[in-house]
Amino acid sequence: MEAFVIEGGHRLSGTIQPQGAKNEALQVICATLLTSAPVRIKNIPDILDVNNLIRLLQQVGVKVTRVHKNEYIFQADAIDLAYLDSDEFVQKCSSLRGSVLMIGPLLGRLGRATIAKPGGDKIGRRRLDTHFLGFKKLGASFKHEESRNIYHIEAEHLHGTYMLLDEASVTGTANIIMTAVLAKGTTTIYNAACEPYIQQLCRLLNDMGAKISGIASNLLTIEGVSSLHGAEHTVLPDMIEVGSFIGMAAMVGNGVRIKDASVKNLGIILDSFRRLGINIKVEGDDIVIPHQPHYQIDSFIDGTIMTLSDAPWPGLTPDLLSVLLVVATQARGSVLFHQKMFESRLFFVDKLIDMRAQIILCDPHRAVVVGHDRKIRLRAGRMSSPDIRAGIALLIAALSANGTSRIENIAQIDRGYENIEMRLNALGAHIKRVDD
């Protein structure tokens, strides 16, 4: 099993460019299943989760041509339906959460799908109810085969309808959109997720011939069409990686420029870091984080302690709370972090406490960070990455720590960050990948 060995205390400086967005890439790659025509997608990140999904599509029968390192052409003109029901396919799906996004396009185009309960991060329960309720409203039926723990979903005829989602699930919204574009009639989705990556999915589908309106809102209207054609699409920069780089630059930076960050698609991410006192300059589409010897956490207007909490878009993405929490350990002041959307994502703070961070874990959802103001430097430690985002947060902590740290289970980090050690070493970090 591979691990990172990190020599802390080295300042980062220079320019870094974010990779393509993982969550968008998973959605738009699955959208290529909706047509037999070729679809070209650019700026696909070279990361484990995306590469595993691409391999899975190849095994299903999709022709995949790698044009450049981050550019592919997908053509789903010979899908192997027998393979979709095989034990091998089921096993692969169970270890890849992105596989759940195959259900919608397979159901929409072929009228059937078989899929296992998907894998992914161990960060609490992630229900599939929203997906299945949406499929059912569109005319699908499903059954759970308990012996294999798989779901059979079938629809002889899909028909448009109105639906109010029980939660603004991103993957649920994406799956329902991809099912509805080929359904007969008009589908209205209220309480839809409206993240930039959902917007990008809708734009790609419209370029392929779909008729989706209400993009960027939580009320989508989809007029079903009989078929889709090919298109070209470019994936946005990954907002989570942008936020991760801001956190690194704040804690151990000596002047870092994040190039081509797609600032207009970052929502309140920049303001959330500014609430921790981080000086952020926007120059065109670049973000510049100057060296900051100190940063002061804001308080609310009435003087009460600052609280940062996650929420569906346009609220703060839960994927960045772990990074913000680490950054707060070296700020001046205190802040309460409230992780509302997942019940296990704050448990990694035990590792930070071992590194001398002043954190009170109130319960599985809330933690209070008392900033060190750089007076107490984190100490190096040995730790394991429980999920993608906690893993990058621990890496940031190790970069600022006194001594040499070791992070194991870095396959979790590789799932979401492309060649992260090489890119950070180019800025001055000292990170070594080792294989036990």
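Would you mind telling me the share, in percent, of accessible area of the chain contributed by carbon and sulfur at probe 1.4 angstrom?
Using a 1.4 Å probe with all protein chains present, the chain comes out at 48 percent carbon and sulfur.
For the stretch 22-234, what does the relative contact order come out to in percent, with C-alpha contacts under 8 Å and a separation of six or more?
21
Each residue of the stretch 276-287 in order: what ³J(HN,Hα) in whole Hz does its phi give by Karplus 6.51 cos²θ - 1.76 cosθ + 1.60, θ = phi - 60°, with x for Gly and Pro?
3J(HN,Hα) across the stretch 276-287, in whole Hz: 8, x, 6, 7, 10, 10, 10, 10, x, 9, 9, 10.
May I ask for the percentage of alpha-carbon pairs in the chain that lie more than 30 Å from each other?
That tail contains 43 percent of the Cα-Cα pairs.
What shape does the stretch 22-234 have by the C-alpha gyration tensor, where a ≥ b ≥ c are the square roots of the eigenvalues, rounded means a/c under 1.5, and otherwise prolate means a/b greater than b/c and oblate the rest?
It is rounded, given that a/c, with a ≥ b ≥ c, falls under 1.5.
With a point put 7 Å past each Cα toward its Cβ, work out how far residue 184 is from residue 36 in nm, to one decimal.
Calculated label separation equals 2.1 nm.
Which trypsin sites (Lys or Arg not before Pro) does the stretch 371-408 hold that lie in a coil by DSSP with at most 14 other beta carbons within 10 Å?
375
Quick one: grab Rg to one decimal and Dmax as a whole number for the stretch 119-254, Cα atoms only, in Å.
17.6, 60
For the charge dipole of the stretch 291-436, defined by +1 on Lys and Arg C-beta atoms and -1 on Asp and Glu C-beta atoms about the Cα centroid, which residue among 349, 403, 381 has the Cα displaced farthest towards the positive pole?
403
If you average the alpha carbon positions of the stretch 11-86 and of the stretch 363-411, how far apart do those two centres end up, in angstrom?
Result: 32 Å between the Cα centres.
In the chain, once you exclude exposed GluC sites (Glu not before Pro) (DSSP loop, at most 15 other Cβ within 10 angstrom), what's the longest stretch remaining?
Free of exposed loop sites, the longest segment is 168-342.
Tell me, in nm to one decimal, what length is gained between residue 358 and residue 217 on full extension, where the rule is 0.36 nm per residue of separation less the Cα-Cα distance?
Extending this stretch completely gives an extra 46.8 nm.
Check which residues have an amide H placed less than 5 Å from residue 186's amide H, if you skip close sequence neighbours.
Here the answer is 160, 224, since their amide H atoms fall under 5 Å of that of residue 186.
So what are the three principal axis dimensions of the stretch 320-436 from its Cα atoms, in whole Å, longest to shortest?
Largest first, the stretch 320-436 extends 36, 32, 23 Å along its Cα principal axes.
Of 261, 78, 249, which has the largest mean-square fluctuation in a 10 Å C-alpha GNM of the chain?
78
Report ³J(HN,Hα) in whole Hz for each residue of the stretch 389-395, in order, from the Karplus equation J = 6.51 cos²θ - 1.76 cosθ + 1.60 where θ = phi - 60°; Gly and Pro get x.
6, 5, x, 5, 5, 5, 5
Could you derive backbone 3J(HN,Hα) for the stretch 405-413 from the dihedral phi with the Karplus parameters 6.51, -1.76 and 1.60 (θ = phi - 60°), listing whole Hz in sequence and x where the residue is Gly or Pro?
Once rounded to whole Hz, the list reads 9, 9, 10, 9, 6, 6, 4, 5, 5.
For the chain, give the share of DSSP beta bridges that are antiparallel, in percent and rounded to the nearest 5; count only bridges with both residues there.
The answer is about 70 percent antiparallel.
Ignoring ligands, DNA and RNA, how do 351, 22 rank by accessible area with a 1.4 Å probe, largest first?
351, 22
With a Cα-only, solvent-free Debye model of the stretch 1-129, what are the log10 I(q)/I(0) values at q = 0.10, 0.15, 0.16, 0.22 Å⁻¹?
-0.38, -0.76, -0.84, -1.38
Just subtract the alpha-carbon distance of residue 382 and residue 298 from 0.36 nm times their residue separation and send over the number in nm, one decimal.
Using 0.36 nm per residue and subtracting the Cα-Cα distance, I get 27.0 nm.
Could you sort 280, 268, 73 by their accessible area in this structure, using a 1.4 Å probe and putting the largest first?
Accessible-area ranking of 280, 268, 73, largest first: 268, 73, 280.
What are the residues whose amide H is under 5 Å from the amide H of residue 309, where those residues sit 5 or more places off or on another chain and H is modelled from the backbone?
Under 5 Å from the amide H of residue 309: 338.
The values are calculated or read from the model by the stated rules, or taken from the named source; none is laboratory data. None of the values given here were measured: they were computed from a predicted structure. Positions of Cβ are generated from backbone atoms using ideal geometry, with glycine treated the same way; all protein chains shown enter the neighbour counts. Heads up: the accessible areas ignore ligands, DNA and RNA and are worked out on the full protein's heavy atoms, side chains in. Shrake-Rupley method; radii C 1.70, N 1.55, O 1.52, S 1.80 Å.
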